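Participant: Sharing a structure here in structure tokens format.
The values are calculated or read from the model by the stated rules, or taken from the named source; none is laboratory data. A quick note: this is a predicted structure, and the numbers were derived from the prediction, not measured. Ideal geometry is used to build each Cβ from the backbone, glycine not excepted, and the neighbour counts take in all protein chains shown. Just the protein is used for accessible areas: all its heavy atoms, side chains included, with ligands, DNA and RNA removed. Shrake-Rupley method; radii C 1.70, N 1.55, O 1.52, S 1.80 Å.
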Amino acid sequence: MLLRWDKVDLNRKRIWVKQFKTGKEVTIPMAPKLFEVLTEAQEWKTDHYVCPNVGKRYNTFNSEGKNVGNNLVNLDVLRVIKWIGLERSVVAPGRKKKVTVYGFHSLRHSFASHCAEAGVPKAVVLSILGANSEIVDKHYTHIGDEAQEKAIQSLFGNSNVEPERQELRELVDTLPIDEIKTILKNINK
């Protein structure tokens, strides 16, 4: 919401963002579509914010000096989510409040989970989120059924496993357990 042009490097295709959740500044490579949109947006640049109207709205304060703009922008985004046909929140048994499915914070969780399921190294995810490992493991990464099933299948008889791995598995199955232990000891030395 508050991305400034001085934090955008189109030559290197990177942006610098201060993570509100952690306070850390991180540098993130631009996705191709973001690069395309930011390149086009330079033509109508009018302010130090990439999205000047959103930046002004986000920085709205009430008469007591409290920032209320972040809630206004959040409501705008939730309206868009509803408009495109997604359910923003759902009733959860045993909870008084609905559980948010789509919103800014849930997108952060989704990003971490999609990265984990895609095999992105945790250090890379942490560098983008600006978070520590314990927080990401405990609260952000939610592995889905499909990823769990894929993990189990990769270990136990997945017919899609490449032939070399299947041959190795069959060879290991023929070895006595003492020989396997000896091989593992030698690998770990």
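Participant: Within segment 49-64, track down each residue that is assigned to a loop (DSSP other than H, G, I, E, B) and surrounded by 12 or more Cβ atoms within 10 Å (Cβ to Cβ).
Facilitator: Val50, Cys51, Asn59, Thr60
Participant: Yes or no: segment 77-89 includes at least one residue that is assigned to a loop (DSSP other than H, G, I, E, B) and under 24 Å from Ile128 (Cα atoms).
Facilitator: No, every residue in segment 77-89 fails to be assigned to a loop (DSSP other than H, G, I, E, B) and under 24 Å from Ile128 (Cα atoms).
Participant: Also: Tally time: how many residues in segment 75-109 are surrounded by 10 or more Cβ atoms within 10 Å (Cβ to Cβ) and basic (Lys, Arg)?
Facilitator: Final tally of qualifying residues: 5.
Participant: Which residues, counting only those in segment 49-79, are over 19 Å from Val17 (Cβ atoms) and under 25 Å from the mean Cα position of the chain (by Cα)?
Facilitator: Hits for segment 49-79 are Asn71, Leu72, Leu75, Asp76, Leu78, Arg79.
Participant: Looking at segment 24-69, which of its residues are in contact (Cβ under 8 Å) with a residue 40 or more places away in the chain and over 14 Å from Leu3 (Cα atoms)?
Facilitator: Lys24
Participant: Counting just the residues of segment 1-43 that are of a type in the set (Val, Ile, Thr) and under 22 Å from Phe104 (Cβ atoms), which one comes out most open to solvent (accessible area, probe 1.4 Å)?
Facilitator: So, considering only residues that are of a type in the set (Val, Ile, Thr) and under 22 Å from Phe104 (Cβ atoms), the one most open to solvent (accessible area, probe 1.4 Å) is Val37.
Participant: Need the failing condition index for Ala123 against (1) surrounded by 14 or more Cβ atoms within 10 Å (Cβ to Cβ); (2) of a type outside the set (Asp, Glu); (3) at pLDDT 80 or above, just the number.
Facilitator: Here Ala123 meets the rest and fails (1).
Participant: Taking only pairs six or more apart or across chains, which ones have beta-carbon atoms under 8 Å, a first residue in segment 96-118 that is closer than 16 Å to Asn70 by Cα and assigned to a loop (DSSP other than H, G, I, E, B), and a second residue that is of a type in the set (Val, Ile, Thr) and modelled with pLDDT of 80 or more?
Facilitator: Gly103/Val77; Gly103/Ile81
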